[in-house]
Amino acid sequence: MTYVQDDNIIFVGNKPVMNYVLAVVTQFTNGAQEVFVKARGKAISRAVDTTEIALGRFLQNVEKRSITTSTEQVDTENGKTNVSCIEIVLVLRSEIGQVSL
């Protein structure tokens, strides 16, 4: 069995927002054409903050392609519960353009 890690997916959790902003900027600086920012539950607002800060302050040639919301069932101590999810897709505006820092 082979495991392929998708480097262009940023899973947002409980770390400070700037940690995730740095991860997004790093992905584009290293040549990624698109980056997926994903979060669940209480981390959703942190994911939104991450993308807005990255786009507003650091990445001029990047835009939001799509924002997808969904609900996942998660097993907890008290049984199954529903958790909200978000996926924000960021892409370079032009295939040829470089990221401006």
Comparing Arg40, Arg57, Arg65 in a Gaussian network model of the chain (Cα, 10 Å), the one with the largest mean-square fluctuation is Arg57
Sum up the charges of everything whose Cβ sits under 14 Å from the Cβ of Gly13, counting Lys and Arg as +1 and Asp and Glu as -1, but leave Gly13 out.
+4
Angle between the chain longest axis and helix 17-29 axis [Cα atoms, degrees, rounded to 10]:
50
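For Asn78 and Asn19, FRET efficiency with R0 = 22 Å and r from the beta-carbon atoms, rounded to 0.05? It would help to have the intermediate numbers written out before the result.
Details: r = 31 Å, r/R0 = 1.40.
Given R0 = 22 Å and the Cβ-Cβ separation, E is 0.10.
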Go ahead and set up a Gaussian network model of the chain, Cα springs under 10 Å, then flag whichever of Asn78, Asn61, Asn19 fluctuates most.
Asn78
Across Val24, Val91, Val37, the residue with the highest GNM fluctuation in the chain (Cα network, 10 Å cutoff) is Val91
For Thr29 and Ser94, extending 7 Å from Cα along the Cα-Cβ vector and measuring point to point gives, in nm, a value of 2.3
Kindly express, to the nearest 10 degrees and within the range 0 to 90, the angle between helix 44-53's C-alpha long axis and the longest C-alpha principal axis of the chain.
10
Return the distance in nm (one decimal) between the two label points of a simple spin-label model at Phe11 and Asp49, each offset 7 Å from Cα along Cα→Cβ.
2.1
Given the DSSP H assignment, sum -39500 (n - 2.57) over each helix run of at least 4 residues in the chain and divide by its residue total; what's the result at 222 nm in deg cm²/dmol, nearest 500?
-7000 deg cm²/dmol
Global form of the chain, assessed from the alpha-carbon gyration tensor, a/c cut-off 1.5:
prolate
Heavy atoms of the protein only, probe of 1.4 Å, neighbouring chains included. What is the accessible area of Glu63 in Å², nearest 10?
80
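The values are calculated or read from the model by the stated rules, or taken from the named source; none is laboratory data. Because the structure is a prediction, the values reported are computed rather than measured. Methodologically, a virtual Cβ is constructed for each residue, glycine included, from the backbone with ideal geometry; neighbour enumeration extends over all protein chains shown. Please note that ligands, DNA and RNA were not included when accessible areas were found on the heavy atoms of the full protein model with its side chains. Shrake-Rupley method; radii C 1.70, N 1.55, O 1.52, S 1.80 Å.
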